[in-house]
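The values are calculated or read from the model by the stated rules, or taken from the named source; none is laboratory data. What you see is a predicted model, and the numbers here were worked out from it, not measured in a lab. Ideal geometry is used to build each Cβ from the backbone, glycine not excepted, and the neighbour counts take in all protein chains shown. These accessible areas exclude ligands, DNA and RNA; they are computed on the full protein's heavy atoms, side chains included. Shrake-Rupley method; radii C 1.70, N 1.55, O 1.52, S 1.80 Å.
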Amino acid sequence: MQVWHFSEMAYHPGWEELGNSLRNVIPSRVYDPKVGADLYHRYLDEWAMCDELGINIMVNEHHATATCTTAVCTVPMAILARETKNIRLLCLGMPIANRMDAVRVAEEYAMIDVISRGRVEMGFVKGSPFEVTPANSNPATLTERFWEAHDLILKAMTTHDGPFNWEGQHFQYRQVNIWPRPYQEPHPPVWMTVSSPGSAKLVGEKGYVVASLNTGYASTPTIYNTYRTAAEAAGHDVGSDRFAYLAIVGVGETEEEGRRRAHQILDYSRTTPRVARQFWFPPGYAPADVTGRMLTATDPRTITLRDGSKAVMQTGSVDDFVDAGIAFAGTPDTVYDQIKEFHDHVGGLGHLLMMGQGGHISHEDTVSNLTLFSKEVLPRLQPL
Amino acid sequence: MERIDIAGIVLDVDIVGEGPPMLYLHPEHYAHLHASFVDKLAKRWKIYAPRHPGFDGQNPPENFRRVEDIAYLYLDLVERLGLGSVTMLGASFGGWIALEMAVRNSTRLNALGLIAPLGVKLGSREERDFEDIFALSDEDAARALFAVEPPDLNAFSDDQLTAVARDRQFVCYYAWKPFLHNPSLARWLHRVAVPTHLIWGENDGFVRRAHGQKLAARIPGARLDVIPGAGHYPQLERLDETVELIFAGPCAKAGAKQGG
């Protein structure tokens, strides 16, 4: 099993003032660049130390939000491509349906792949519903644009005999010819995130790494099984290295310390829903009957516990999140047991995307979290 | 309801009423709430009311993407129906389609009625001619669209809720960016060669009445009537006043000239 440390590089100092609205329309006067600079360097230091810990790196991208100041995923990737030597660099992911210049996306990934000497893992994502607003990306044509960008980026990376033409529905170029070409052949490995069996099927047909984020005990097996069936039918080898799962991880010298770290990082999950309702259901992002039902729905977002009951995401406790399989928390032994149990429950897991920093957890606690995980948990996970 | 196959698209067209022909181009929303409005129009005109592709639950063909595509489709429809001289009435999104048709080919039109039409940008780049309705809260959006009382979504059936979601999806499909307008349309308004009647709700917070005034000034000989106590859908909030204005305005006069 490979492990990847993930942080959203949040601007948590702004959370209290911003209250229940943390995205899209929040004024940037709440952001203090001096505090922000310190935070960027802290988060980058935490990622950079992973090179010595044997933990890989995962970045993501979000816009106009205090929950994540990685507005451009390739910026930290590029910095870490130079500051690390051994570990791999995953972006999960590049919101390719919201990038209006797909050739530029191919160039960005290719440059970082070369600078890192072939350590990039290339995530392509549709992006959360609220992301269409900052990008002004048409939600009604998003899926179509996503796949056209996917096709164009891969063709740009794998064409080496000069320019090609591409006059598609969403992207028009007459001389596509990227320099540099990527370091890895034929291109960096592709990852995609899914939250439903339907999308898992599409990713399975392609044989890409499927990443399920916080889908817990309740939903993950169906997603992975759907992927497996589709991937095998398409003739792909389906080893555990096809399966990735994102969880919050808090390890400590004592149960209490580990749980307290997880509790702090879990503010990531608790703040994710804090966005004005109208940005959750952009027209055409989801099928009309699904969105239609949401027009009169008032229930808050929930997580599903193992007995089938629900807990409200915004106020969930560590116990709730651990029960649900969204967090792993406690001593190294406890955390290992929880991960192993989840691994067995889903039929094998090759990549643990570990959110080792989030919310108000301090730098010292984050360093300790990652270091302890590396020394005491990681060696036991590697044979899985 | 008739199904008419035109230019590779199967159009559902409601045909109702007695009198000279009127092509009615529906607004983006609340088809089921507009039945009374169409019924009243049908006392004076024979109404041909196509369901815009996408809004009808069918996915448009891949290269059918812009409001001008709908305009050409309906110009084809008018020819196919054999309507030599037709009055056209469009509301909101339907009004935009009507304008695109009128600037291209008015030969089969005798009058144009527009209720708070979208489609024409007259303000500067930092001004919103059309409120960003998709970025407003439900409460703010309702206040922008309705002067008195918005429809109660809790009273809608599942199918009607799906229709609301689908309506919004297809507004975005055709007109996400540039937002709700064709940047060129303002330049060609002088080509609208038929008597034009603009009707606006005084309290329209989506497309403001001031926009309507600027628009009326750009369309040759256009008449603008503003209805108090109405938002973006005066035909829903002030049905009788809206119908009275239409019956007393350029659309009715043109129809009368044509005879029965």
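Condition first: buried (at least 16 other Cβ atoms within 10 Å of the Cβ) and either under 15 Å from A:Asp51 (Cα atoms) or touching a Ser or Thr at 6+ places or on another chain (Cβ under 7 Å) (or both). Now tell me which residues in the range A:372-384 satisfy that.
Matches in the range A:372-384: A:Leu372, A:Phe373, A:Ser374, A:Leu378.
Go through the residues of the range B:103-110 one by one and say whether even a single one is surrounded by fewer than 15 Cβ atoms within 10 Å (Cβ to Cβ), without any contact (Cβ under 8 Å) to a residue 24 or more places away in the chain and more than 17 Å from the chain's Cα centre (by Cα).
yes
Tell me yes or no: at least one residue of the range A:147-169 is in contact with a Ser or Thr (Cβ under 6 Å, 6 or more places away or on another chain) and of a type in the set (Val, Ile, Thr).
No, the range A:147-169 has no match at all.
What's the total number of residues in the range A:228-245 that are within 19 Å of the chain's Cα centre (by Cα) and either of a type in the set (Phe, Trp, Tyr) or crowded, with 22+ Cβ neighbours inside 10 Å (or both)?
Of the residues in the range A:228-245, 4 are within 19 Å of the chain's Cα centre (by Cα) and either of a type in the set (Phe, Trp, Tyr) or crowded, with 22+ Cβ neighbours inside 10 Å (or both).
Quick one: B:Phe93 ticks every box in (1) away from every other protein chain (no Cβ under 14 Å); (2) in contact with a Leu (Cβ under 7 Å, 6 or more places away or on another chain) bar one, so which box is it?
Failing condition for B:Phe93: (1).
From the residues in the range B:135-171 that are facing another protein chain (nearest Cβ under 8 Å) and within 11 Å of B:Phe206 (Cβ to Cβ), which one is most open to solvent (accessible area, probe 1.4 Å)?
If we take residues in the range B:135-171 being facing another protein chain (nearest Cβ under 8 Å) and within 11 Å of B:Phe206 (Cβ to Cβ), then B:Leu136 is most open to solvent (accessible area, probe 1.4 Å).
Contact list please: Cβ distance under 6 Å, first residue in the range B:219-234 and over 19 Å from B:Ala111 (Cα atoms), second residue assigned to a loop (DSSP other than H, G, I, E, B) and aliphatic (A, V, I, L, M), pairs at least six apart or on different chains.
B:Gly229/B:Ala147; B:Ala230/B:Ala147; B:Gly231/B:Ala147; B:His232/B:Ala116
Closer than 26 Å to B:Val243 by Cβ, within 14 Å of chain A (Cβ to nearest Cβ) and out of contact with any helix residue (DSSP H, G or I) (no Cβ under 8 Å at 6 or more places or on another chain): is that true of B:Arg128 in this structure?
For B:Arg128, the condition - closer than 26 Å to B:Val243 by Cβ, within 14 Å of chain A (Cβ to nearest Cβ) and out of contact with any helix residue (DSSP H, G or I) (no Cβ under 8 Å at 6 or more places or on another chain) - is not met.
List the number of the failed condition for B:Pro183; all other conditions in (1) open to solvent by less than 30 Å² (accessible area, probe 1.4 Å); (2) more than 10 Å from chain A (Cβ to nearest Cβ) hold.
In the conditions (1) open to solvent by less than 30 Å² (accessible area, probe 1.4 Å); (2) more than 10 Å from chain A (Cβ to nearest Cβ), B:Pro183 misses (1) alone.
If you scan the range B:205-248, which residues turn out to be open to solvent by less than 60 Å² (accessible area, probe 1.4 Å), of a type outside the set (Gly, Ala, Ser) and part of a loop (DSSP other than H, G, I, E, B)?
B:Phe206, B:Val207, B:Ile219, B:His232, B:Tyr233
Within the group B:Arg44, B:Arg80, which residue is open to solvent by 50 Å² or more (accessible area, probe 1.4 Å) and more than 18 Å from B:Glu2 (Cα to Cα)?
Answer to the selection: B:Arg44.
So which residues in the range B:14-30 are surrounded by 19 or more Cβ atoms within 10 Å (Cβ to Cβ) and on the phi < 0 side of the Ramachandran plot?
Selection gives B:Pro20, B:Pro21, B:Met22, B:Leu23, B:Tyr24, B:Leu25, B:His26, B:Pro27, B:Glu28, B:His29.
Count, please, the residues in the range A:268-294 that happen to be outside any loop (DSSP other than H, G, I, E, B), over 23 Å from B:Asp159 (Cβ atoms) and at the interface with chain B (Cβ under 7 Å from one of its Cβ atoms).
To start, the set of residues in the range A:268-294 that are outside any loop (DSSP other than H, G, I, E, B) comprises A:268-271, A:277-279, A:288-294.
In the following step, the residues that additionally are over 23 Å from B:Asp159 (Cβ atoms) were identified as A:268-271, A:279.
Of the ones still in play, those that are also at the interface with chain B (Cβ under 7 Å from one of its Cβ atoms) are none.
Number satisfying all stated conditions: 0.
Just one of (1) open to solvent by less than 10 Å² (accessible area, probe 1.4 Å); (2) more than 10 Å from chain A (Cβ to nearest Cβ); (3) within 23 Å of B:Leu33 (Cα to Cα) trips up B:Leu99, so point out which.
Of the numbered conditions (1) open to solvent by less than 10 Å² (accessible area, probe 1.4 Å); (2) more than 10 Å from chain A (Cβ to nearest Cβ); (3) within 23 Å of B:Leu33 (Cα to Cα), the odd one out for B:Leu99 is (3).
Go through the range A:322-340 and give me each residue that's more than 21 Å from the chain's Cα centre (by Cα), under 19 Å from A:Gly350 (Cα atoms) and not in a helix (DSSP H, G or I).
Matches in the range A:322-340: none.
A:Leu353 fails exactly one of the following numbered conditions: (1) under 21 Å from A:Glu257 (Cβ atoms); (2) buried (at least 24 other Cβ atoms within 10 Å of the Cβ); (3) not basic (Lys, Arg). What is the number of that condition?
If we test A:Leu353 against (1) under 21 Å from A:Glu257 (Cβ atoms); (2) buried (at least 24 other Cβ atoms within 10 Å of the Cβ); (3) not basic (Lys, Arg), just (1) comes out false.
Which condition from (1) closer than 24 Å to A:Leu18 by Cβ; (2) within 14 Å of another protein chain (Cβ to nearest Cβ); (3) part of a loop (DSSP other than H, G, I, E, B) is the one that A:Gln357 breaks?
The one condition A:Gln357 does not meet is (2).
Step by step: first the residues of the range A:295-311, then only those that are open to solvent by 50 Å² or more (accessible area, probe 1.4 Å) and within 22 Å of the chain's Cα centre (by Cα), then the one that is farthest from the other protein chains (Cβ to nearest Cβ). Which residue is that?
Looking at the filtered set, the residue picked out is A:Thr302.
Could you please give the count of residues in the range A:1-60 that are among the small types (Gly, Ala, Ser) and within 21 Å of the chain's Cα centre (by Cα)?
Residues in the range A:1-60 being among the small types (Gly, Ala, Ser) and within 21 Å of the chain's Cα centre (by Cα): 4 in total.
Return the residues of the range A:172-201 that are modelled with pLDDT under 95 and surrounded by fewer than 18 Cβ atoms within 10 Å (Cβ to Cβ); say none if nothing qualifies.
Those that are modelled with pLDDT under 95 and surrounded by fewer than 18 Cβ atoms within 10 Å (Cβ to Cβ): A:Ser195, A:Ser196, A:Pro197, A:Gly198.
Among (1) among the polar types (S, T, N, Q); (2) within 14 Å of chain B (Cβ to nearest Cβ); (3) open to solvent by 60 Å² or more (accessible area, probe 1.4 Å), where does A:Asn138 come up short?
(3)
Restricting the search to the range A:143-171, which residues are within 14 Å of chain B (Cβ to nearest Cβ) and surrounded by 22 or more Cβ atoms within 10 Å (Cβ to Cβ)? Show your work before the answer.
Of the residues in the range A:143-171, the ones within 14 Å of chain B (Cβ to nearest Cβ) are A:143-145, A:147-148, A:167-170.
Correct list: A:Arg145 only.
Considering every residue within the range B:23-42, establish whether at least one is closer than 20 Å to B:Tyr173 by Cβ, over 13 Å from the mean Cα position of the chain (by Cα) and part of a loop (DSSP other than H, G, I, E, B).
Scanning the range B:23-42 turns up no residue that is closer than 20 Å to B:Tyr173 by Cβ, over 13 Å from the mean Cα position of the chain (by Cα) and part of a loop (DSSP other than H, G, I, E, B).
I need a count of the residues in the range B:177-204 that are closer than 27 Å to B:Ala248 by Cβ and either modelled with pLDDT under 95 or outside any strand (DSSP E or B) (or both).
10
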